[in-house]
Amino acid sequence: MNFWEDFPYNLTDEEIYIFTKEDPTIAALRGCEIVDGKLVIHNIEGQNSKK
């Protein structure tokens, strides 16, 4: 498993949420953030968003 390639597209929503909460700066590089307690995944690098 290559985490950087898998994040966030091959992880569960719970795994993405936990990582984003613990390291929001790195998660933001892949378009993930927590807004009002909810996970938001932005479409980055032409990839399809999970949400």
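If you check every pair at least six apart or on different chains, which have Cβ atoms under 9 Å apart with a residue in segment 9-20 that is on the phi < 0 side of the Ramachandran plot first and a residue that is assigned to a loop (DSSP other than H, G, I, E, B) and among the aliphatic types (A, V, I, L, M) second?
Every condition considered, the pairs that remain are Asn10/Met1; Phe19/Leu11.
Of the conditions (1) of a type outside the set (A, V, I, L, M, F, W, C); (2) open to solvent by less than 50 Å² (accessible area, probe 1.4 Å); (3) in contact with a strand residue (DSSP E or B) (Cβ under 9 Å, 6 or more places away or on another chain); (4) modelled with pLDDT under 95, Asp6 clears all except one; give me its number.
Evaluating Asp6 over (1) of a type outside the set (A, V, I, L, M, F, W, C); (2) open to solvent by less than 50 Å² (accessible area, probe 1.4 Å); (3) in contact with a strand residue (DSSP E or B) (Cβ under 9 Å, 6 or more places away or on another chain); (4) modelled with pLDDT under 95 leaves (3) as the failure.
The values are calculated or read from the model by the stated rules, or taken from the named source; none is laboratory data. Note that the structure is predicted; figures quoted are calculated from it, not measured. No Cβ is skipped: glycine too gets one built from the backbone with ideal geometry, and neighbour counts run over all protein chains shown. Note: accessible area is taken over every heavy atom of the protein model, side chains too, but ligands, DNA and RNA are not part of it. Shrake-Rupley method; radii C 1.70, N 1.55, O 1.52, S 1.80 Å.
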